[in-house]
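The values are calculated or read from the model by the stated rules, or taken from the named source; none is laboratory data. No experiment lies behind these values; they were computed from the predicted model shown. Methodologically, a virtual Cβ is constructed for each residue, glycine included, from the backbone with ideal geometry; neighbour enumeration extends over all protein chains shown.
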Amino acid sequence: MHLRGDEEGEEGPLDHRVEAVEPYVDSARAAGVDEICFTEHVYYFRQTRPLWEVPYQIERCVYDIEPYVDAVLEAKRRGLPVKLGLEVDYARGREEESRVLLEPYPWDYLLGSIHFIEGLGVDGEPRLIDTVGVDAAWQRYFDELAAAAGSGLFDSLSHPDLVKVYGRRPDRELEKELHEQAAVAIAASGVAVEVSTAGLRKPVGELYPDPHFLEVCRQRGVPVTVASDAHGPSLVGRDFDLARALLRSAGYDTITLFERRQARQVPLDG
Ligand SMILES: [Zn+2]
């Protein structure tokens, strides 16, 4: 989730103060969620500026990371059930630099994301899918996902089949083949995948990931995390009943919680 002001719409302005944490906790309690993790986008923080080449990221890369980290740590000290995380765009070829930039902070977990590939947007402009076509976009996305998994930088992969965001997909055979290749690489890496309800609010109108992708992940023993990807308090825990149903249908009976990057499994209905 992303720490924002309390606004009615989908996305409030950044609000990295401990006071902004409380509405998320209230909303989580109301949704029956007993622990939440903030995973602000890494590209908002000027400390990570050397990693970015895309205007979308560079324009946003102006905030100090310390108030964000301090707000979440202070909320923890006050006894609120929150964790400190970050949603980290995978910068291929810059793994060691990424690791060094992230190292100073006491993360509970780090999400790995792919929003851009060589300057083209998976879910933003200029669109990868319009530039290279559907099949190539999907192939390049899943290749990047496998590399992100193998980088050792991340604990879980957010919205793992984000490339479907616009509802444009290759034929089902190719899609399944890409799911299987990715599941093999992810299983070998030991990283988890995220089941996210955010896709329901996007043009594709589906959970991330696809049921087939999740099923092949489960068959290979890949653990899962669960997310609403809330960009405001009102979305915390949104549609978790559907996430739980998807997890059950793929054969999962536990989800993963992280503390200081140590994973443990808890029962899905616990
Ligand atoms: Zn994301």
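A few comments on the model shown:
- Members of region 211-228 that are touching a helix residue (DSSP H, G or I) at 6+ places or on another chain (Cβ under 8 Å), crowded, with 21+ Cβ neighbours inside 10 Å and not aliphatic (A, V, I, L, M): Phe213, Cys217, Ser228
- Qualifying position, being more than 17 Å from Asp161 (Cβ to Cβ) and in contact with a strand residue (DSSP E or B) (Cβ under 6 Å, 6 or more places away or on another chain), among Val224, Val193, Val236, Val266: Val266
- Enumeration of residues in region 120-141 that are surrounded by 21 or more Cβ atoms within 10 Å (Cβ to Cβ), of a type in the set (A, V, I, L, M, F, W, C) and within 16 Å of the ligand (Cβ to nearest atom): Val122, Leu128
- Residues (farther than 30 Å from Val82 by Cα, among the β-branched types (Val, Ile, Thr) and touching a strand residue (DSSP E or B) at 6+ places or on another chain (Cβ under 7 Å)) located in region 99-156: Thr131
- Condition broken by Glu259, with the remaining ones in (1) in contact with a strand residue (DSSP E or B) (Cβ under 8 Å, 6 or more places away or on another chain); (2) among the acidic types (Asp, Glu); (3) within 28 Å of Ile129 (Cβ to Cβ) satisfied: (3)
- Within region 14-39, residues that are assigned to a loop (DSSP other than H, G, I, E, B) sit with their Cβ atoms under 7 Å from residues that are among the hydroxyl-bearing types (Ser, Thr, Tyr), at 6+ positions apart or across chains, in these pairs: His16/Tyr68.
- Search result, residues across region 172-209 that are among the charged types (D, E, K, R) and either within 16 Å of the ligand (Cβ to nearest atom) or within 15 Å of the chain's Cα centre (by Cα) (or both): Glu194, Arg201, Lys202, Glu206
- Subset of region 90-99 [away from the ligand (no atom under 14 Å from the Cβ) and over 14 Å from Gln47 (Cα atoms)]: Ala91, Arg92, Gly93, Arg94, Glu95, Glu96
- Unmet criterion (only one of (1) in a helix (DSSP H, G or I); (2) crowded, with 18+ Cβ neighbours inside 10 Å) for Pro50: (2)
- Residues in region 210-229 that are part of a loop (DSSP other than H, G, I, E, B) and more than 14 Å from the ligand (Cβ to nearest atom): Asp210, Arg220, Gly221, Val222, Pro223.
- Qualifying residue in region 51-63 (condition: in contact (Cβ under 8 Å) with a residue 40 or more places away in the chain, more than 15 Å from the ligand (Cβ to nearest atom) and closer than 18 Å to Ile117 by Cα): yes
- If the condition is being among the hydrophobic types (A, V, I, L, M, F, W, C) and assigned to a strand (DSSP E or B), then region 75-103 contributes Val82, Leu84, Leu86, Val88.
- Only a single criterion out of (1) modelled with pLDDT under 95; (2) aliphatic (A, V, I, L, M); (3) within 16 Å of the ligand (Cβ to nearest atom) is not satisfied by Val42, namely (1).
- Considering the conditions (1) on the phi > 0 side of the Ramachandran plot; (2) touching a residue at least 12 places away in the same chain (Cβ under 8 Å); (3) out of contact with any Asp or Glu (no Cβ under 9 Å at 6 or more places or on another chain), Gly119 is excluded by exactly one of them, (3).
For (1) over 16 Å from Ile36 (Cβ atoms); (2) away from the ligand (no atom under 15 Å from the Cβ); (3) not basic (Lys, Arg), each residue gets a yes or a no:
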| position | (1), (2), (3) |
| --- | --- |
| Val72 | no, yes, yes |
| Arg78 | no, yes, no |
| Leu84 | no, yes, yes |
| Val88 | yes, no, yes |
| Leu101 | yes, yes, yes |
| Tyr105 | yes, yes, yes |
| Glu118 | yes, yes, yes |
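- In region 230-255, the residues that are charged (D, E, K, R) and either within 21 Å of Glu40 (Cβ to Cβ) or not in a helix (DSSP H, G or I) (or both): Arg238, Asp239, Asp253
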